[in-house]
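Here, each number is a calculation from the coordinates, and none is a lab measurement. Since the structure is predicted, the reported quantities are computational estimates derived from the model, not experimental observations. So basically every Cβ, Gly included, is an ideal-geometry build from the backbone, and we count neighbours across all protein chains shown.
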Amino acid sequence: MSNSHSDTIPLRPSNSQSDIDEIRSLIDDSVHSGPAVVLPARHPATTPPPSSSPFISSNIPPPPPVSSSSSLQKLQSVPAAPPPPPPVGNSSSIVANGFGPPPNTLTEPVLDTVKRDLWRIVSNLKLVVFPNPFREDPGKALRDWDLWGPFFFIVFLGVALSWSASVKKSQVFAVAFALLAAGAVILTLNVLLLGGHIIFFQSLSLLGYCLFPLDVGALICMLKDNVVAKVIIVCLALAWSSWAAYPFMSSAVNPNRKALALYPVLLMYLSVGFLIIAID
Amino acid sequence: MDLSQPEEENYANPKTCFFHVLFKASALAFYMLSTLFADSFVIIFVITVVLAALDFWVVKNVSGRILVGLRWWNEINEQGESIWRFECLDHESLARINQKDSWLFWWTLYLNAIAWTIFGIFSLVRLEVDYLLVVGVCLSLAIANIIGFTKCRKDAKNKIQAFASRTIASRFSSTLQSAFSLV
């Protein structure tokens, strides 16, 4: 996807329409103070896009403002729009500073998408589970939620539990998976019904990511079989998980109802902890 | 699926079509033939669900883009509201999309969901709750993609109509302007 190169392509049909387009695009350029991006895709973005780290490693021109769809449509008259699937090496991965329109994700190469998604999982994990400065505003913590991380963690926990079990392996797995998945959904509904302000998928994502400490605990318990050690490890993992989930959940509801929202979360993690300890 | 049919319009992206179908088919096939492969339910579950998840990712991020030029995702804006974003190619590129590609895309999407529904009915009838879980997960992934892409396509149609009417209006105004400049 060429950005500034397209401006110098002299293949323009000369008629009044393209003259007006040129003038309009020049005006738009000066207003937006950025390179005219030739995007073959149109975005319905009429609101300022959020600080979206999904687009961190994609091709966004440096100070990208809100691009109204009309200016993009005018740019389409430039016959330099590449055909739909050009897996050309778009190696100019300019880091997004969080503002601006989403990039042209329609024509990016597949590897970019993979890297972007993987990076998003890692960054979400770091935001949620490890201490970081964003904890004061937990609503921001999982702005670009994704469900891949939670999916992996739940499956991993199920597999770890099932591995440690000597009998009824399949039931253990099914129970663990169903418990965690249904539990996350129910907990989110609980917060919503308590009048809290939370976004469904964001909360599912958060509850899934907070399983990471329990995953680590389960892995260690798989390797060591001493009951006392297991109890200690699970308690630590539990404390870490609850600490990770607490700010998000508590900020989403009314202060009077904080306990009502938090208690089920702690209960669910506690039950998972018991599962880990009790499996042998 | 014969990729090299000598018709007038061949598949424009055979590799993408292949991958689009591969994961769906292997998830369904693995589920059906699972008893031949492994006794352990855990392995069946994990492999089937992983294949279904891979298929979801491939459809959403790769074949949706390449075969039909559509993309959808969800963002949360500064005010903390969730918005669904739909992205589509512009009008000319959309018109250039291979018909066979797009036919394959949509039909495999629907058939996949129908197949999982049938499996779900079977396992419901046989009261196998474990397998119902597998089917439930795969079905929800399939339905999510169907809903996302259908909404995206409707959005694209709306945008094309809006673009067309706006183009007509701007052409009209430019003709007027050039007419007045001559006067």
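I'd like to know if the stretch B:101-114 contains one or more residues that are in a helix (DSSP H, G or I), within 8 Å of chain A (Cβ to nearest Cβ) and either touching a residue at least 60 places away in the same chain (Cβ under 8 Å) or in contact with a strand residue (DSSP E or B) (Cβ under 8 Å, 6 or more places away or on another chain) (or both). Checked against the condition, which is being in a helix (DSSP H, G or I), within 8 Å of chain A (Cβ to nearest Cβ) and either touching a residue at least 60 places away in the same chain (Cβ under 8 Å) or in contact with a strand residue (DSSP E or B) (Cβ under 8 Å, 6 or more places away or on another chain) (or both), the stretch B:101-114 yields no hits at all.
Taking the conditions (1) farther than 25 Å from A:Phe151 by Cβ; (2) part of a helix (DSSP H, G or I); (3) of a type outside the set (D, E, K, R) in turn, B:Leu127 satisfies each one other than (2). How many residues, within the stretch B:69-82, are hydrophobic (A, V, I, L, M, F, W, C) and facing chain A (nearest Cβ under 7 Å)? Total meeting the criteria: 1. Looking only at residues in the stretch A:213-231 that are within 17 Å of A:Ser162 (Cα to Cα) and within 21 Å of the chain's Cα centre (by Cα), the one that is surrounded by the fewest Cβ atoms within 10 Å (Cβ to Cβ) is A:Asp215.
Are any of the residues in the stretch B:85-99 closer than 25 Å to A:Phe200 by Cα, free of Cβ contacts under 8 Å to residues at least 40 places away in the same chain and part of a strand (DSSP E or B)? Yes.
Mind listing whichever residues of the stretch B:30-45 are over 23 Å from the mean Cα position of the chain (by Cα), closer than 21 Å to B:Asn112 by Cβ and buried (at least 20 other Cβ atoms within 10 Å of the Cβ)? The answer is B:Ile44, B:Phe45. B:Asp130 falls short on exactly one of the conditions (1) under 30 Å from B:Thr167 (Cβ atoms); (2) within 14 Å of another protein chain (Cβ to nearest Cβ), and that condition is (1).
Yes or no: the stretch B:80-94 includes at least one residue that is among the aliphatic types (A, V, I, L, M) and under 13 Å from the mean Cα position of the chain (by Cα). Within the stretch B:80-94, none of the residues are among the aliphatic types (A, V, I, L, M) and under 13 Å from the mean Cα position of the chain (by Cα).
Considering the stretch B:74-101, and only residues there that are small (Gly, Ala, Ser) and closer than 18 Å to B:Ala12 by Cα, the residue that is surrounded by the most Cβ atoms within 10 Å (Cβ to Cβ) turns out to be B:Ser93. All conditions in (1) more than 23 Å from the chain's Cα centre (by Cα); (2) within 8 Å of another protein chain (Cβ to nearest Cβ) hold for A:Ser166, with the sole exception of (2).
When B:Leu104 is tested against the conditions (1) surrounded by fewer than 20 Cβ atoms within 10 Å (Cβ to Cβ); (2) closer than 21 Å to B:Lys24 by Cβ, the lone failure is (1).
Out of everything in the stretch B:19-60 that is at the interface with chain A (Cβ under 9 Å from one of its Cβ atoms) and aromatic (Phe, Trp, Tyr), what residue ends up being farthest from B:Val134 (Cα to Cα)? Out of the qualifying residues, it is B:Trp57.
Taken over the stretch A:145-177, the criterion of being more than 28 Å from A:Trp119 (Cβ to Cβ) and either surrounded by fewer than 18 Cβ atoms within 10 Å (Cβ to Cβ) or in contact (Cβ under 8 Å) with a residue 24 or more places away in the chain (or both) is satisfied by A:Leu161, A:Trp163, A:Ser164, A:Ala165, A:Ser166, A:Val167, A:Lys168, A:Ser170, A:Gln171, A:Val172, A:Val175, A:Ala176.
Quick grid of which residues meet (1) closer than 17 Å to A:Pro213 by Cβ; (2) part of a helix (DSSP H, G or I):
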| site | (1), (2) |
| --- | --- |
| A:Leu238 | yes, yes |
| A:Ser250 | no, yes |
| A:Lys258 | no, yes |
| A:Leu266 | yes, yes |
| A:Asp280 | no, no |
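The residues on offer are B:Ala156, B:Ala144, B:Ala162, and the sole one that is over 22 Å from B:Val58 (Cβ atoms) and within 11 Å of chain A (Cβ to nearest Cβ) is B:Ala162.
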